[in-house]
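K.L.:
Questions regarding the structure given below will be posed in turn.
The values are calculated or read from the model by the stated rules, or taken from the named source; none is laboratory data. All values reported here derive from a predicted model rather than from experimental measurement. Here the Cβ is made from the backbone with ideal geometry for all residues, glycine too, and neighbour counts use every protein chain on show. The protein model used for the area step is the full one, side chains on, heavy atoms only, and it has no ligands, DNA or RNA in it. Shrake-Rupley method; radii C 1.70, N 1.55, O 1.52, S 1.80 Å.
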Amino acid sequence: MANDTTTNRPPRATRTTHSRLFRLIAIVILVLIVLVGLVVLITWLAIKPKRIFYTVDDGSIKNFNINTNRINATFGLVIMAHNPNRRISMYYDSIEVTVAVHGQTVAFNTLEPFYQPRKNVSRLDATLESRDVALSSSLSRDLRLEKRSGEAEIDVLIRARIRFKIGVMKIRHRTLKISCSSVKINFSSSKGFQRAYCDID
């Protein structure tokens, strides 16, 4: 006796109802996506965010001494934080500054938290000290040569925890990584300093 497979199929009305339900859900999701996109676009057009940027505007090395492949020195840096935005201000809740020479960290310090208003350039004065930091033989030799030439090349790395403020709304913490490569600083304060621009991650 042959099986009657038609008895296992859902009624046509039920299939039609399911099809309409899926179509309705798809339309609702599409409308939500469009609305969210419009909100983001309108917000962006209203704020017109501009890229923040950072520069190293001055630098010096004092109390420089290398003895048995160990360095002692004081690095003085002037870092400028540029916020060109008209509607966005920023909270810097923590700031870490590192000086590296030829890939090796030689000095580290933290800076005081601060608030940066809209359309503002903030000056950060950083003093970082190397105290009996061990160097490789090759790096020790290179730094001695740079001392004789009167100029050293360093990398300045900045890591900050920041929050953006747009109107009354504060956006959650972001980690900002700033890299200022090949910053040339003089052992003599009488020589001029060339501003160095930084990359932001």
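K.L.:
If a residue has to be at pLDDT 60 or above and either over 20 Å from the mean Cα position of the chain (by Cα) or not in a strand (DSSP E or B) (or both) to count, how many in the stretch 42-58 make the cut?
P.N.:
Here the count works out to 6.
K.L.:
Of all residues in the stretch 99-133, count the ones that are of a type outside the set (Ser, Thr, Tyr) and closer than 20 Å to GLU146 by Cβ.
P.N.:
Total meeting the criteria: 13.
K.L.:
With the requirement that a residue be among the polar types (S, T, N, Q) and within 17 Å of THR105 (Cα to Cα), what does the stretch 133-157 give you?
P.N.:
Correct list: SER136, SER137, SER138, SER140.
K.L.:
When you go through ILE88, ILE95 one by one, which is the residue that is surrounded by 17 or more Cβ atoms within 10 Å (Cβ to Cβ) and at pLDDT below 95?
P.N.:
Testing whether each residue is surrounded by 17 or more Cβ atoms within 10 Å (Cβ to Cβ) and at pLDDT below 95 leaves just ILE88.
K.L.:
Right, here's the next one. I'd like to know if the stretch 192-201 contains one or more residues that are of a type outside the set (A, V, I, L, M), under 18 Å from THR74 (Cα atoms) and at pLDDT below 95.
P.N.:
Within the stretch 192-201 (the criterion being of a type outside the set (A, V, I, L, M), under 18 Å from THR74 (Cα atoms) and at pLDDT below 95), the answer is yes, since at least one residue qualifies.
K.L.:
Also, I was wondering about something else. Got a sec? Which strands (runs of 3 or more DSSP E) wholly within the stretch 100-201 have at least 1 residues that are closer than 24 Å to ILE61 by Cβ and either among the aromatic types (Phe, Trp, Tyr) or open to solvent by 100 Å² or more (accessible area, probe 1.4 Å) (or both)?
P.N.:
Filter on the stretch 100-201 gives 104-111, 120-134, 151-166.
K.L.:
Could you check, for the stretch 74-85, whether at least one of its residues is farther than 30 Å from LYS165 by Cβ, crowded, with 16+ Cβ neighbours inside 10 Å and among the aliphatic types (A, V, I, L, M)?
P.N.:
no
K.L.:
List pairs: first residue in the stretch 163-175 and at pLDDT below 85, second residue outside any loop (DSSP other than H, G, I, E, B) and of a type in the set (Phe, Trp, Tyr) anywhere in the structure, Cβ distance under 6 angstrom, at least six positions apart or on different chains.
P.N.:
ILE171/PHE164
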